[in-house]
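Nothing in this text is a laboratory measurement; each read-out follows from the coordinates by a stated rule. Keep in mind the model is a prediction, meaning the values are calculated, not measured. Using ideal geometry, Cβ is built from the backbone for each residue, glycine included, and neighbour counts are taken over all protein chains shown.
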Amino acid sequence: QVQLVESGGGLVQAGGSLRLSCGATGSIFSSRTMRWYRQAPGKQRDLVAAITRGGSPNYVDSVKGRFTISRDNAKNTVYLQMNNLKVEDTAVYYCNTEAWGSSYWGQGIQVAVSS
């Protein structure tokens, strides 16, 4: 069983920064790709960034150069540093991983960017 808990969201003005954290329980964290998704009101949940167990990141084009995903395997935590935030980044952000044929999600955390 894997539990994911996000933290660090909030309200920020456009151009500002936030750092999201996702803490994971269980001993499998270091062996799994970790992902951040987001879901804006009325829209589908979309992948934002992923980081492999070896630390290689990937990003959706809309956040490249602004967001940085990282992980600390000793703390079982994955981070999403979000800089130069835009109004269109407003969404609920979810942490995700897959293990034993199942997909695990955090409860989600709200990020709101005002103009």
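Points worth noting:
- In plain terms, the chain from GLN107 to GLU88 could stretch by 4.7 nm, reckoned as 0.36 nm per residue minus the Cα-Cα distance.
- Phi-derived couplings, Karplus 6.51 cos²θ - 1.76 cosθ + 1.60 at θ = phi - 60°, listed residue by residue for segment 7-14: 8, x, x, x, 9, 9, 7, 4 Hz, with x used for Gly and Pro.
- Per DSSP, loop chymotrypsin sites (Phe, Trp or Tyr not before Pro) in segment 31-106 with at most 15 further Cβ within 10 Å: TRP100
- A simple charge model with +1 on the Cβ of Lys and Arg, -1 on the Cβ of Asp and Glu and nothing else charged puts the dipole of the chain at about 140 debye relative to its Cα centre.
- Here the 3J(HN,Hα) profile of segment 33-50, calculated from phi with Karplus coefficients 6.51, -1.76 and 1.60 at θ = phi - 60°, is 5, 10, 9, 10, 10, 9, 9, 7, x, x, 10, 6, 7, 10, 5, 9, 7, 9 Hz, Gly and Pro shown as x.
- Model label points for ALA74 and VAL60, set 7 angstrom from Cα along the Cα-to-Cβ axis, are 3.3 nm apart.
- With the charge dipole of the chain set up from +1 on Lys and Arg Cβ and -1 on Asp and Glu Cβ about the Cα centre, the Cα lying farthest toward the positive end among the listed residues PRO57, GLN44, LEU11 is that of PRO57.
- Linear extension gain, GLU98 paired with LEU11, 0.36 nm per residue minus alpha-carbon span: 28.4 nm
- Eligible lysines near LYS43 by straight Cα distance, threshold 23 Å, same-chain separation 8 or greater: LYS64, LYS86
- Zone of ARG45's modelled label, taken as backbone nitrogen in segment 90-115 under 14 Å from a point 7 Å along Cα→Cβ: 92-99, 102-110
- Calculated FRET efficiency for the pair ARG19/ARG53, C-beta based, R₀ 30 Å, to 0.05: 0.90
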